[in-house]
Amino acid sequence: QVQLVESGGGLVQAGGSLRLSCAASQSMFRINVMGWWRQAPGKQRELVATITSGGSTNYADSVKGRFTISRDNAKNTVYLQMNSLKPEDTAVYYCGADLQTYSGAGPFRYWGQGTQVTVSS
């Protein structure tokens, strides 16, 4: 069974910073892409940032220059450092990971339970 456990959300004033963490508790799969998505009330879930096992990153235009995604492959953990937060960053942030079996099946997308980030003006 694969679990993605997120932490680090909370309430912060505009201009502040938060750091999200997501640890994948599993050892039977190869983790390819890990990343963060977010969903604001009444809106669809959108990509925030992703990172491959080799360290290649991809960011939504709205967070470029403010957010930094990183990854510790040995710990199966992905981080999202969020700086210069804006009220429009308020959302539930979901960790996602694409896992593949060592025999090549997959990838299979897994999601964390979500963590609330609220930015006050």
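Here are the numbers:
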read-out: Cross-link partners of Lys75 among lysines (Cα-Cα below 28 Å; sequence separation of 8 or more within a chain); value: Lys64
read-out: As computed over segment 4-121, the Cα convex hull volume per residue (Å³); value: 94 Å³
read-out: Surface share of carbon and sulfur [accessible, 1.4 angstrom probe, percent] for segment 19-81; value: 47 percent
read-out: At most 15 other Cβ within 10 Å, DSSP loop - trypsin sites (Lys or Arg not before Pro), segment 64-121; value: Lys64, Arg66
read-out: Antiparallel %, DSSP beta bridges [both residues in segment 11-121], to 5; value: 90 percent
read-out: Over the chain, relative contact order from alpha-carbon pairs under 8 Å, at least 6 apart, %; value: 36 percent
read-out: Between segment 97-121 and segment 1-46, the Cα center-to-center distance that results, in Å; value: 7 Å
read-out: Spin-label pair Ser17/Gln44, simplified geometry with 7 Å Cα→Cβ offset, distance in nm; value: 3.3 nm
read-out: Residues of segment 20-121: accessible area per residue with a 1.4 Å probe, Å²; value: 50 Å²
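The values are calculated or read from the model by the stated rules, or taken from the named source; none is laboratory data. Just so it is clear, the structure is predicted and the values come from calculations on it, not from any experiment. All Cβ positions, glycine included, derive from the backbone under ideal geometry; neighbour counts span all protein chains shown. The protein model used for the area step is the full one, side chains on, heavy atoms only, and it has no ligands, DNA or RNA in it. Shrake-Rupley method; radii C 1.70, N 1.55, O 1.52, S 1.80 Å.
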